């Protein structure tokens with residue numbers, strides 16, 4: 001099941017530098033791991049913003065929440081979730 | 001170059017049925033053609049809306065405008081364009 | 001899988017009265033049928049508005065889209081979909 | 001009487017950890033107690049957010065305010081209240 | 001139970017003049033009747049707008065919906081409902 | 001002259017507790033005094049919010065500003081003022 | 001008593017040309033008359049818009065409503081009213 | 001004096017085709033003439049929209065209003081005007 | 001040239017009291033000076049807000065920016081600038 | 001390729017004065033350098049705001065992101081990017 005997720009990140013300026021570095025490193029590791037597992041299908045940077053637009057392919061909305069909630073930078077994100085479905089004009093629907 | 005495009009469609013109720021059918025058919029044909037050519041990389045339907053979220057891979061912003069402006073349903077769309085770039089946590093950036 | 005859906009209805013004043021009556025009757029029949037099948041779990045009227053707040057329990061986002069898209073009044077609705085998951089303070093999570 | 005309530009929670013980062021833990025624990029205990037009493041009929045987590053959508057069944061708007069105002073996390077919530085009534089297409093209205 | 005209601009009225013220009021006159025007359029009659037019965041406690045005109053701010057004192061949210069939904073001008077109104085409760089600084093709470 | 005005023009209160013967490021208590025006590029005393037004088041005609045609590053909806057009956061907009069500006073909690077309020085006039089469907093206009 | 005009023009005008013394209021011309025002429029005559037009487041103290045055109053920003057000096061909010069409601073173009077206006085008072089840094093307050 | 005202007009165009013579908021063609025042709029002629037005269041310094045198309053972003057260099061705000069108000073498509077435009085001034089980091093300010 | 005300016009002021013609570021007093025005093029002195037020079041034509045307080053609505057009569061947009069940017073409270077203001085021109089229904093345009 | 005960028009700057013009051021001065025100086029140097037290289041084609045100050053409106057001419061959206069992301073004041077900016085293309089009424093399109 002596909003979900004479109006936009007994440008806008010705002011890390012507080014007074015976050016401890018070590019914690020900041022750790023969270024950013026584990027966030028990246030987690031993102032790579034989820035991409036390799038096929039759950040986090042796409043991630044793009046929005047030009048001119050500390051934001052990404054992502055596509056997730058998960059078993060359920062519950063699984064998506066589990067993933068998002070446990071991202072190391074989640075406490076500093078505004079997250080917008082949009083459910084997607086196959087478009088009737090997509091190649092996949094017209095094979 | 002990647003762009004994220006959301007299109008919200010609102011076809012007027014009083015549009016001539018033949019014109020409507022023609023526009024919808026050519027819109028679909030055009031979407032399939034652009035997908036086959038690799039310009040229109042992804043198209044998903046937004047659940048519960050006459051809307052799509054799409055990813056375009058074009059030579060330039062000019063080319064994207066040319067494509068969007070000439071879609072048969074363009075006169076009935078609200079279009080939001082967001083420029084994208086590679087995310088530092090994407091697999092492609094960490095190969 | 002649970003989704004929260006708000007539907008705001010605005011039937012055009014110039015809709016043919018017969019079509020209007022038919023759409024409203026089939027909408028109601030469809031809503032009852034979907035409730036009986038367990039897909040449309042709750043439907044409440046928003047006080048002072050031609051709107052409802054509903055909870056759907058479906059197999060997938062695709063199924064939800066299929067249901068919403070085919071509602072007889074869908075062309076006259078603004079629909080907002082929010083994915084839900086179990087709350088850690090819900091009774092069901094603390095049995 | 002039914003009310004739809006959305007609560008968006010934003011606990012300040014500098015809240016004393018003990019106070020934070022206590023408030024969260026008593027919030028959860030209070031939510032369970034109110035669910036058992038039948039006042040807090042439903043509580044769902046919004047996917048990708050520190051938010052819930054809830055349905056309350058109370059004697060009056062006064063009672064609802066009393067409940068919300070005294071939630072341990074109330075000072076850190078944005079709360080949106082919507083009055084509900086039976087929908088004419090609900091099963092309960094067509095028994 | 002008290003509710004604060006704002007009604008913004010926009011009667012379509014092409015409404016049949018007789019229907020318009022009838023709806024406005026019955027709307028006024030209904031408003032007076034509800035005021036006399038004590039349900040519609042206050043009604044004020046917003047300066048510079050075809051709008052009112054009203055206070056209703058009803059048995060329940062259901063009763064409020066019944067009243068609003070059946071107002072002759074309801075189809076041409078945007079209605080915003082806010083539940084109220086006694087303020088701890090009101091005279092009534094400090095008698 | 002009648003004005004509709006909504007006040008949303010957000011007292012900073014780090015306000016000195018004594019100052020906080022004093023401001024709240026004098027705010028309440030001032031609200032009661034103004035109600036007794038007939039200036040502050042109504043005050044209601046908005047359900048689920050640290051907000052009130054009030055009606056003031058003052059000599060002039062200047063007097064209203066004087067009252068609001070000098071409320072002890074004014075520095076922590078967002079205030080929305082709406083001028084009111086008699087509604088043609090009010091009982092008072094149809095005596 | 002001073003009020004700041006912004007009026008955004010949108011005359012429907014299908015308004016009968018004679019009615020349109022009449023309304024515009026009487027609107028202008030009324031505006032001039034109210035300026036001469038000292039009620040409509042200032043009127044400025046907003047650059048790039050069919051809008052004005054005006055200052056009214058009236059006996060009461062009731063009088064302002066009477067004036068606005070009876071403007072010939074009122075049915076085609078969106079009107080925003082803001083109550084004003086003397087600024088402590090105005091020359092008049094520091095004579 | 002420089003002004004930034006965004007124009008969003010929405011030509012009504014039922015506009016007489018001859019009038020439409022004439023307005024579009026004279027709009028273009030006028031835009032070219034104003035560019036040649038140095039008043040309309042820049043005009044760019046917004047990608048994916050029937051909109052432009054423009055820079056005007058005029059004697060005064062009055063002159064800008066005169067230009068905009070008399071554009072053939074002005075009645076079908078939403079116009080947003082922003083006054084500009086030299087930026088302290090511009091080359092021109094650091095020659 | 002006339003500009004309409006709204007300034008909403010929010011002085012931080014933790015601003016040093018001496019700096020605060022100085023800024024407020026010089027702000028007032030500057031406002032009076034600019035009014036006497038005829039640049040700052042009008043200044044009104046918005047009822048119920050730490051805000052003013054002002055009219056400036058300046059040589060150019062550059063001069064307006066210079067004035068606003070150098071106001072002692074500018075760092076704590078949100079400023080909205082609207083260019084004005086003579087209204088065709090103003091007395092001045094119909095002398 | 002042209003992009004329209006609006007940057008709204010909000011430097012935190014508690015930023016170390018030396019860091020502040022350094023960031024502002026390097027920001028200016030970087031802006032001048034990018035203007036000289038032809039990447040940052042225009043930069044204008046918005047009247048009454050700590051904001052600029054800029055036009056960039058870059059090889060790609062990626063290059064634009066690289067430029068914006070590395071501006072010394074980027075962490076304190078809200079940035080809005082709009083892709084532009086040649087307007088059919090521009091002189092360049094009608095040579």
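Determine, yes or no, whether residue D:61 is farther than 24 Å from residue A:68 by Cβ and in contact with a helix residue (DSSP H, G or I) (Cβ under 7 Å, 6 or more places away or on another chain).
no
Of the numbered conditions (1) over 10 Å from the mean Cα position of the chain (by Cα); (2) surrounded by fewer than 20 Cβ atoms within 10 Å (Cβ to Cβ), residue H:48 satisfies every one except a single condition; which is it?
(2)
Between B:33, B:27, B:22, which is part of a helix (DSSP H, G or I), crowded, with 17+ Cβ neighbours inside 10 Å and either out of contact with any strand residue (DSSP E or B) (no Cβ under 6 Å at 6 or more places or on another chain) or modelled with pLDDT of 95 or more (or both)?
B:27
Those residues that are closer than 24 Å to residue H:56 by Cβ and touching a helix residue (DSSP H, G or I) at 6+ places or on another chain (Cβ under 7 Å), I need them from segment I:68-80; list them, please.
So in segment I:68-80, the residues closer than 24 Å to residue H:56 by Cβ come out as I:68-69, I:79-80.
Once the filter is applied, which keeps residues that are closer than 24 Å to residue H:56 by Cβ and touching a helix residue (DSSP H, G or I) at 6+ places or on another chain (Cβ under 7 Å), segment I:68-80 yields I:68, I:79.
Quick one: how many residues across segment E:42-51 are farther than 25 Å from residue D:58 by Cβ and in a strand (DSSP E or B)? Spell out how you get there, then give the answer.
The initial filter retains those residues of segment E:42-51 that are farther than 25 Å from residue D:58 by Cβ, namely E:43-51.
If we keep only those that are in a strand (DSSP E or B) too, we end up with E:43-46, E:51.
Selection size over segment E:42-51: 5.
Among the numbered conditions (1) part of a helix (DSSP H, G or I); (2) under 13 Å from the mean Cα position of the chain (by Cα), tell me where residue B:38 comes up short.
(1)
Just one of D:54, D:92 is within 26 Å of residue C:35 (Cβ to Cβ), assigned to a helix (DSSP H, G or I) and within 11 Å of chain C (Cβ to nearest Cβ); which is it?
The unique qualifying residue is D:92.
Suppose we filter segment J:1-33 for residues that are more than 10 Å from chain H (Cβ to nearest Cβ), under 13 Å from the mean Cα position of the chain (by Cα) and under 20 Å from residue H:95 (Cα atoms); how many remain?
Residues meeting the conditions: 1.
Mind listing whichever residues of segment A:37-51 are more than 7 Å from every other protein chain (Cβ to nearest Cβ) and closer than 30 Å to residue A:86 by Cβ?
Matches in segment A:37-51: A:37, A:38, A:39, A:40, A:41, A:42, A:51.
May I ask you to verify whether residue A:64 is closer than 27 Å to residue C:62 by Cβ, modelled with pLDDT of 95 or more and more than 13 Å from chain B (Cβ to nearest Cβ)?
Yes.
Is it the case, given these coordinates, that residue H:3 is modelled with pLDDT of 95 or more and crowded, with 21+ Cβ neighbours inside 10 Å?
Taking the combined requirement at face value, the residue satisfies it.
Every residue, every condition in (1) more than 22 Å from residue G:66 (Cα to Cα); (2) touching a helix residue (DSSP H, G or I) at 6+ places or on another chain (Cβ under 6 Å); (3) touching a residue at least 12 places away in the same chain (Cβ under 8 Å), yes or no:
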{"residue": "E:5", "(1), (2), (3)": "yes, no, yes"}
{"residue": "E:8", "(1), (2), (3)": "no, no, yes"}
{"residue": "E:13", "(1), (2), (3)": "no, no, no"}
{"residue": "E:17", "(1), (2), (3)": "yes, no, no"}
{"residue": "E:24", "(1), (2), (3)": "no, no, yes"}
{"residue": "E:37", "(1), (2), (3)": "yes, no, no"}
{"residue": "E:43", "(1), (2), (3)": "no, no, yes"}
{"residue": "E:51", "(1), (2), (3)": "no, no, yes"}
{"residue": "E:66", "(1), (2), (3)": "yes, no, no"}
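With the structure loaded, tell me whether residue F:61 is buried (at least 17 other Cβ atoms within 10 Å of the Cβ) and over 25 Å from residue E:1 (Cα atoms) or whether it fails that test.
Considered against the rule, which asks whether it is buried (at least 17 other Cβ atoms within 10 Å of the Cβ) and over 25 Å from residue E:1 (Cα atoms), residue F:61 comes out as yes.
Mind counting the residues in segment C:68-89 that are in contact with a strand residue (DSSP E or B) (Cβ under 9 Å, 6 or more places away or on another chain), away from chain D (no Cβ under 14 Å) and not in a strand (DSSP E or B)? Can you show your working first?
Step one: list which residues in segment C:68-89 are in contact with a strand residue (DSSP E or B) (Cβ under 9 Å, 6 or more places away or on another chain), which gives C:68-69, C:71, C:73-74, C:76-89.
Now restrict to residues that are away from chain D (no Cβ under 14 Å): C:68-69, C:74, C:76, C:78-79.
When the remaining residues are screened for being not in a strand (DSSP E or B), the result is C:68-69, C:74, C:76.
Going through segment C:68-89 one residue at a time, the tally reaches 4.
Examine segment B:6-15 for a residue that is touching a strand residue (DSSP E or B) at 6+ places or on another chain (Cβ under 6 Å) and buried (at least 18 other Cβ atoms within 10 Å of the Cβ), and state whether such a residue exists.
Among the residues of segment B:6-15, at least one is touching a strand residue (DSSP E or B) at 6+ places or on another chain (Cβ under 6 Å) and buried (at least 18 other Cβ atoms within 10 Å of the Cβ), which makes the answer yes.
The values are calculated or read from the model by the stated rules, or taken from the named source; none is laboratory data. Computed from a predicted structure; not experimentally measured. Every residue, glycine as well, gets a Cβ built from its backbone with ideal geometry; the counts of neighbours run over all protein chains shown.
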